[in-house]
Structures are given as C-alpha cells and as structure tokens.
Amino acid sequence: MWGGAEELAVNLQKNLVIAGHHSEILRIPFQWEPATRISSQMLMVRALELWNVDKVIALKFPAFYIRHPNKTLWLLHQYRQAYDLYDAGQTNLPPGQVGDDIRTLITNADNEAFAESERIFTNSEVTRRRLKKYNGFDATVLLPPINDPGLFTGGQSGDYIFAGGRVNGMKRQHLLLDALRQASPNVKLIIAGPPDAPADGDQLRETVARLGLGDRVKLDLRFLPRETYANYLNNAAAVAYLPFDEDSLGYVAMEAATADKALITTSDSGGILGLVKQRETGWVAEPTTSSLADAMSAVFADAAVTRGYGSGARDLWNSFGITWPKTVETLLQ
C-alpha cells in the first residue's frame, strides 16, 4: 500500500540528505487483519533497537514503538480503530473482552512510546486534538510541505472535477458518484488513483454502471505516473476530496491549492477543513447527495467565481509558509 504517509517518508529522507545528513528509511511491515495479530506485531517493533544512529524520526503506528534515546515523533497515524473510529463504530477490533484488551494494549503502548519521545509533532490540528483527547499528550502542529511543487503549475480550467488519490471506503469517492446523478448534466468527474483492494475499484465501476454515468465519469484506477496525476489535477475545473475525518490536509488538497484550483470537501472530512473555507477557497458541503450535488454544480455555474476560489486556496496555502528546509530544521532541533 502506498499513500500520503509513504510519500512523506520518501521526501523527508530526500530533504534530510539535501540538508547534509545521512538518512535512511526503515519500513516496518504491518497487517491489521486479523486484529488478534496486532499485539504480536507491536511487540516485534518494540523489540527493535537502533543504537547505531544519532536520531530517529518516527511517523506512525506501530513504527513509533521503536526504541531510541533521541526519538522525535512526527505523528501521522495512530491506530484510529482503537480511538475515534472505535467511538464511531468503524473499528475492526473484535467485540467483547478480546477487543477491549487489544484496545487497552494499544493505548498503553502508545502512551509509553509518546512519553519516551523527545518531542512530538503532529501533521495537523485534527491529529493534535485527537492525541490530546485520547492520550493526554500535548504536541506541536507541523504541517507537511508539498512534494514536487513544480508539477502543480495549474492549467486550463477543464470540464471536469478531479478526485485523486487512494480509493477506499474511508476516502468516500462513492459519495461523488451518488451526487453526480443529481448534479447539473454538464458536470463531469475523473476519479484516479489506486484502489486499496480490488473490491474498492469494483464498487466504483458497479456504481457508475448502475447509475448510468458512463458518459460523465472516467475511472483511472491504478498507480498513476506522477506526471499523469499532475495533468489531471492541473486541468481540472476544481478538485474534490471527501475523506472521513482525516488526520491531515491531504496531499491532493495541498497540490490543488498550489495549482490554483478550487476545492470541494465535506463538513466531516477533518484536517482538510484547514484549507477549504466555504465560498473563499471552495465549497464545504454536507456529506449528503443533495449538498454535494449543489457544490459540484456550483463549480460550473460561474467560472470566474470558481477561479477566484482557486486563487484563494493558493493564497491561503502560501500563507502557511511551509517549506522542506524549515521542516527539516524543526524536526532536528
């Protein structure tokens, strides 16, 4: 699986090297099914010790369990199925005592790892608040920089809305298809990116066929060359990203803002709401078919307004002043 966290790790390592440091990425395999095996994988990571390096920058569960006397945590992901997704009824932990024990184990192990970290940063305000609520630890928000900004220069405003990135139930691309049926008939949609599982792609294809949207939707469901992805984004009229309560702003949203593109998201999408401001940088819809259909139709109702929202998104992103040199310096303090 390859997503935003993996992209961040690669670019962090690259920029550490650019700054004059020797840096390597340590990838630790993790499989969350069946949930009863999570504890043994946690123990495997906890047993690792990296005494032959000067510093460890840990990014997500369960890698942040690794032992080192100079460990900084840039928290991208906890195991949310033991925290907020558990509360939302979207957990994979088994019911009853077995699931309760796994959840308690994860919470206690997380707290131990956080307590031994020299500093804790999070990738968004959403992640910071979640860490404070469930674990009681304070952290500093350190938004990740965009990768390959030179690819996202903007282009002509095409006749479609672009939804890029990993395809799965939590990213909720299916909501866009349901809404498209009620949107203005001139609205078109491109969904592009790799499905997490074959069933995720099959669901979108079935929905397009069932709703009769084949002439208005393009599905490009694969690992995309970076240039292909950027071309889709640069030539879109707007960019939609509708995850459920996601930790971060989302790379696709940051890339869209860099390319002067208006954004569509939903009120329950989490971190991206730091970049999408209603009728300033785009549209914040409710996660309902009718509300999303109205937002999608609005993209093409007034091209000048849509372009203005894109400029607003660019200005807001630029105002954050996020660069890789500043980020590396902060992480190494």
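The values are calculated or read from the model by the stated rules, or taken from the named source; none is laboratory data. Values in this document were obtained by computation on a predicted structure and should not be read as measured data. Ideal geometry is used to build each Cβ from the backbone, glycine not excepted, and the neighbour counts take in all protein chains shown. Calculation scope for accessible area: heavy atoms of the full protein, side chains included, ligands and nucleic acids excluded. Shrake-Rupley method; radii C 1.70, N 1.55, O 1.52, S 1.80 Å.
A few notes on this one:
- Among (1) open to solvent by less than 10 Å² (accessible area, probe 1.4 Å); (2) farther than 23 Å from Thr140 by Cα - the single one Ala303 does not satisfy: (1)
- Residues of segment 241-251 include none that is open to solvent by 30 Å² or more (accessible area, probe 1.4 Å), among the charged types (D, E, K, R) and at pLDDT 95 or above.
- As for segment 12-24, it holds no residue that is open to solvent by less than 50 Å² (accessible area, probe 1.4 Å), closer than 23 Å to Ala115 by Cα and of a type outside the set (Phe, Trp, Tyr).
- Within segment 281-333, the residues that satisfy the criterion of being closer than 24 Å to Ala236 by Cα, of a type in the set (A, V, I, L, M) and not in a helix (DSSP H, G or I) are Val284, Ala285.
- Candidate set: segment 184-209, residues that are touching a helix residue (DSSP H, G or I) at 6+ places or on another chain (Cβ under 7 Å) and open to solvent by 10 Å² or more (accessible area, probe 1.4 Å); chosen: the one nearest to Asp260 (Cα to Cα): Ile190
Yes/no matrix, rows are residues, columns are (1) free of Cβ contacts under 8 Å to residues at least 40 places away in the same chain; (2) assigned by TED's automatic domain parsing to the domain that holds Asn135; (3) open to solvent by 60 Å² or more (accessible area, probe 1.4 Å):
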{"residue": "Ala35", "(1), (2), (3)": "no, yes, no"}
{"residue": "Leu48", "(1), (2), (3)": "yes, yes, yes"}
{"residue": "Asn52", "(1), (2), (3)": "yes, yes, yes"}
{"residue": "Leu59", "(1), (2), (3)": "no, yes, no"}
{"residue": "Thr91", "(1), (2), (3)": "yes, yes, no"}
{"residue": "Gln97", "(1), (2), (3)": "yes, yes, yes"}
{"residue": "Glu118", "(1), (2), (3)": "no, yes, yes"}
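- Single residue of segment 138-177 satisfying the filter (buried (at least 18 other Cβ atoms within 10 Å of the Cβ) and among the polar types (S, T, N, Q)) that is modelled with the lowest pLDDT: Asn147
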